[in-house]
Amino acid sequence: MCVTPAVIKDTGYGEGIKTHRYLDRWEDCPGLNAVIRAVTKSAMNGGLEVVGIEDGYLGLIENRFRPLSNTDVSDILTRGGTILGACNKADPAAYAVRQGDKWVQKDVRDQVIEHCRQGELDALVVIGGDGTMSGAADLIARGLKIVGVPKTIDNDLYGTEITFGHNTAVSTAAEALDRIHTTASSHHRVMVVELMGRYAGWIALNAGIASGADVILIPEIPFDINVVAEKCTQRSRFGKRFTIIAVAEGAAPKGGEQFVDSIDETSPDPIRLGGVGKFVADKVGEISGIESRAIVLGHIQRGGTPTPSDRLLATRFGYHAYELLEAGRFNRLAVIQNGHTGSIEISQVAGKIRTVPPDDRMIRAAKAIGTSFGDC
Ligand code: F6P
């Protein structure tokens, strides 16, 4: 788990808030700098002092804080990544340390609390997904005051209908699917594009629909490989001699398991998914006889400049985080529900993820226009 924190010290203008920090869950995400900018500028203009914590929760564990000034957060709105750094291996409740030839997990939560006390941090702003919010809930229970901002390209955070970073990832994934059309149609191939999203299919669903993928495979709807192959064959029969398949990394065949690429035992979330795209391409090629290829888009989806939509969302969330701090409404996560900005208790979110409902309106729309989800 990792953190990209900031601390706000009360300089006499703000009421009640002295300090807070950002925790950025596991990894970088487009729009993260835009949130850091929005919170820092709002807080500083409201009379607070802001301190950035480097590399997320790792910086809290290692006591690495630095004051943030207007100059630090100037000119970062459009920049991807995070000026404070990120780390996906630092869960204070289970921090992996090397002992001889193996990794052991240590509980360093008391150390984190002590560092916050030494740094006179009055409150923290944590920016992250379910992992960060679970970590935050843990620290809240130990007395820290925290405000959360929902961040993840996967869009799988419980309690909010959108997280920042998702729109950028979908744009990148849709562009990749659009571009793959050229080779697919010229060479009469089946092209499978494996997309990120962990255990939720939002990226594949939204990018797939946006780029007119013929087949979309997501974790929420187990697929039958024969149905997928039949869709490709049928398209050939009707003169469409190519098929584009968008597959989420967490998708799995009916009765089968998700594909695991690797295990990172130093990470609080050790499973790295991957491999389903190649499985689908190999099997479809075998069953249909049509040349089939797979590509994995990977971390490209997390990189680059945030879209204007993500910049707006990040600014909206960052400002609301400041409003919550200013109002002394701690231990809440900024969310968007029914298009409105609001907040919910962080404890409500911890340990949960938001997956795609199988009867989602966009799934129904896609099915109505002939997109296959590999289920029937
Ligand atoms: O949660 C964001 C995400 O990019 C997932 O979509 C993906 O499964 C995972 O992180 C990859 O993690 P890492 O960068 O540690 O390989």
Residue list for region 165-183, restricted to those being crowded, with 23+ Cβ neighbours inside 10 Å and either of a type in the set (A, V, I, L, M) or under 16 Å from THR355 (Cα atoms) (or both): HIS166, ALA169, VAL170, ALA173, LEU177, ILE180
Selection status of PHE164, within 16 Å of the ligand (Cβ to nearest atom) and of a type in the set (A, V, I, L, M, F, W, C): yes
Check on GLN337, within 30 Å of PHE279 (Cα to Cα) and touching a residue at least 40 places away in the same chain (Cβ under 8 Å): no
Residue, surrounded by the fewest Cβ atoms within 10 Å (Cβ to Cβ), within region 201-239, restricted to residues that are free of Cβ contacts under 8 Å to residues at least 24 places away in the same chain and part of a loop (DSSP other than H, G, I, E, B): GLY239
Top-ranked residue of region 240-255 - restricted to ones that are under 25 Å from ASN167 (Cα atoms) and in a loop (DSSP other than H, G, I, E, B), ranked as farthest from the chain's Cα centre (by Cα): ALA252
Qualifying residue in region 150-162 (condition: open to solvent by less than 10 Å² (accessible area, probe 1.4 Å) and not assigned by TED's automatic domain parsing to the domain that holds GLY52): no
Hits in region 240-249 - residues which are open to solvent by 10 Å² or more (accessible area, probe 1.4 Å) and closer than 27 Å to ASN155 by Cα: GLU249
Residue within region 326-342 that is in contact with a His (Cβ under 7 Å, 6 or more places away or on another chain), open to solvent by less than 20 Å² (accessible area, probe 1.4 Å) and part of a helix (DSSP H, G or I) present: no
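Condition check ((1) touching an Asp or Glu at 6+ places or on another chain (Cβ under 6 Å); (2) open to solvent by 30 Å² or more (accessible area, probe 1.4 Å); (3) at pLDDT below 95; (4) not assigned by TED's automatic domain parsing to the domain that holds HIS181) across all residues:
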position: ALA251; (1), (2), (3), (4): no, no, no, no
position: LYS254; (1), (2), (3), (4): yes, yes, no, no
position: GLN258; (1), (2), (3), (4): no, yes, no, no
position: THR266; (1), (2), (3), (4): no, no, yes, no
position: VAL280; (1), (2), (3), (4): no, no, no, no
position: GLU286; (1), (2), (3), (4): no, yes, no, no
position: SER292; (1), (2), (3), (4): no, no, no, no
position: LEU297; (1), (2), (3), (4): no, no, no, no
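The values are calculated or read from the model by the stated rules, or taken from the named source; none is laboratory data. Everything numeric here is computed off the predicted structure, so don't read it as measured data. Cβ: placed from backbone, ideal geometry, glycine included. Neighbour counts: every protein chain shown. With ligands, DNA and RNA removed, areas are computed over all heavy atoms of the protein, side chains included. Shrake-Rupley method; radii C 1.70, N 1.55, O 1.52, S 1.80 Å.
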